[in-house]
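The values are calculated or read from the model by the stated rules, or taken from the named source; none is laboratory data. These figures come from a predicted structure and were not determined experimentally. Neighbour counts run over all protein chains shown; Cβ positions are idealised from the backbone, glycine included. Surface accessibility is based on the protein's heavy atoms, side chains included, excluding ligands, DNA and RNA. Shrake-Rupley method; radii C 1.70, N 1.55, O 1.52, S 1.80 Å.
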Amino acid sequence: MFAYILRRLWQMLPTMAGVVVLVFVLFNWVGGDPSYLLAGKMADARAIANIRAQLGLDAPWYVQLGIFVKQIVTFDFGNAWATGEPVSHIIASRLGPSLTVLVPLTFLETTIGIALALAVAFVRGSLTDRVVMVACTVGMSISILVYIIVFQYGLAYKLGLFPVQGWGEHFTENLLRYATLPILIGLTVSLAPTLRLFRSFVLDEVGQDYVRTARAKGLPERRIVWVHVLRNAAIPIITYVMANLPALLIGAFLLERFFGIPGIGREVILAVERSDFPVIKAITVYVAAATMVFNLLADLMYQAVDPRVQLK
């Protein structure tokens with residue numbers, strides 16, 4: 001196991017190097033000269049030259065690339081251009097609010113999706129199955145903006161069950177008060193596609209020979225579902241969940257923007273609006289690194305779920 005982890009970490013290096021080079025090229029060459037953005041429209045040549053010197057843009061490209069690699073390794077991307085706040089502090093402070101929403105959302109989405117998928121898959125073709133699939137299709141056809149506006153107006157503004165916007169300083173207050181409605185909206189939006197996908201995973205296993213053999217041996221249906229079917233269906237489910245975790249940090253920007261949650265997604269939108277390249281570069285690189293790490297964790301979870309899986 002330890003040798004496998006080391007081998008996978010070693011294999012990540014070329015991929016990470018490619019990400020670093022791509023981000024460096026996009027932001028340093030394709031994205032234009034940031035010194036003009038910082039200097040403003042009325043700046044003279046001397047001011048632009050001073051800014052280029054401060055940012056190291058007057059150095060050769062390989063020196064700039066070395067500085068960028070050092071920033072990644074030391075977790076120090078300097079200060080944000082828009083606010084002057086250290087980029088590392090921005091990411092660290094914005095990560096907590098995002099996880100406060102995304103961790104419960106992912107847990108509820110996965111557990112409810114698995115439970116409903118198992119229930120629906122074993123009544124495939126029935127009226128219940130058709131009604132649930134139609135409801136999922138209708139739910140997936142509605143934009144997340146509609147859900148946000150309707151829930152925010154109806155449940156928060158009209159009924160006063162939740163705050164319309166805001167974020168506190170304590171974890172318990174944020175989780176139980178401010179994050180509840182965003183989690184409910186996220187669950188409403190994501191449960192339909194998750195249920196359809198998990199249902200297909202379960203149906204793939206229900207039709208296998210080992211299920212028919214288990215039934216022929218007289219095993220209880222509950223044991224067949226929770227021991228045999230779920231164990232084999234868990235592998236693609238783990239792949240789906242782990243692959244989506246890093247993207248959720250950025251993908252929840254609408255929830256964070258509408259509800260005033262100071263998370264990573266909202267910070268990315270603000271950084272793009274302000275052309276704040278240090279923040280965008282840092283988040284881009286670290287999301288790529290997190291994706292590779294979560295893929296490794298998914299492989300390790302495969303063997304924990306089913307010891308017959310051989311890691312190579």
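Here are a few things to note about the model shown:
- Within the option set L197, L176, being within 29 Å of L249 (Cα to Cα), under 20 Å from the mean Cα position of the chain (by Cα), open to solvent by 40 Å² or more (accessible area, probe 1.4 Å) and not hydroxyl-bearing (S, T, Y) holds for one residue only, L197.
- Some residue of the range 163-172 being in a helix (DSSP H, G or I), open to solvent by less than 50 Å² (accessible area, probe 1.4 Å) and not charged (D, E, K, R): no
- Close contacts from the range 207-226, counting a first residue that is in contact (Cβ under 8 Å) with a residue 40 or more places away in the chain and a second that is open to solvent by less than 100 Å² (accessible area, probe 1.4 Å) and assigned to a helix (DSSP H, G or I), with Cβ to Cβ under 7 Å and a gap of 6+ residues or different chains, come to V225/L118.
- The range 106-150, subset aromatic (F, W, Y) and in a helix (DSSP H, G or I), residue most open to solvent (accessible area, probe 1.4 Å): F107
- Of the listed requirements (1) under 27 Å from the mean Cα position of the chain (by Cα); (2) open to solvent by less than 80 Å² (accessible area, probe 1.4 Å); (3) over 30 Å from L300 (Cα atoms); (4) at pLDDT below 85, Y4 misses just one: (3).
- Pairs where the first residue, in the range 113-135, is within 11 Å of R199 (Cα to Cα) and the second is among the basic types (K, R), C-beta under 6 Å, 6+ apart: A117/R199; V120/R199; A121/R199
- Any helices (runs of 4 or more DSSP H) falling wholly within the range 200-312 and containing at least 1 residues that are open to solvent by 50 Å² or more (accessible area, probe 1.4 Å), farther than 27 Å from G18 by Cα and of a type in the set (D, E, K, R): 209-216, 230-251, 253-259
- For P163, the conditions (1) at pLDDT below 90; (2) touching a Lys or Arg at 6+ places or on another chain (Cβ under 9 Å) all hold with the exception of (1).
- Qualifying positions in the range 72-87 - free of Cβ contacts under 8 Å to residues at least 60 places away in the same chain and either open to solvent by less than 70 Å² (accessible area, probe 1.4 Å) or hydrophobic (A, V, I, L, M, F, W, C) (or both): V73, F75, G84, E85, P86
- For the range 58-104, the tally of residues that are of a type in the set (A, V, I, L, M, F, W, C), assigned by the TED database to the domain that holds A17 and more than 21 Å from A290 (Cα to Cα) stands at 5.
- Residues within the range 77-105 that are among the charged types (D, E, K, R) and either at pLDDT below 85 or not in a loop (DSSP other than H, G, I, E, B) (or both), tallied: 1
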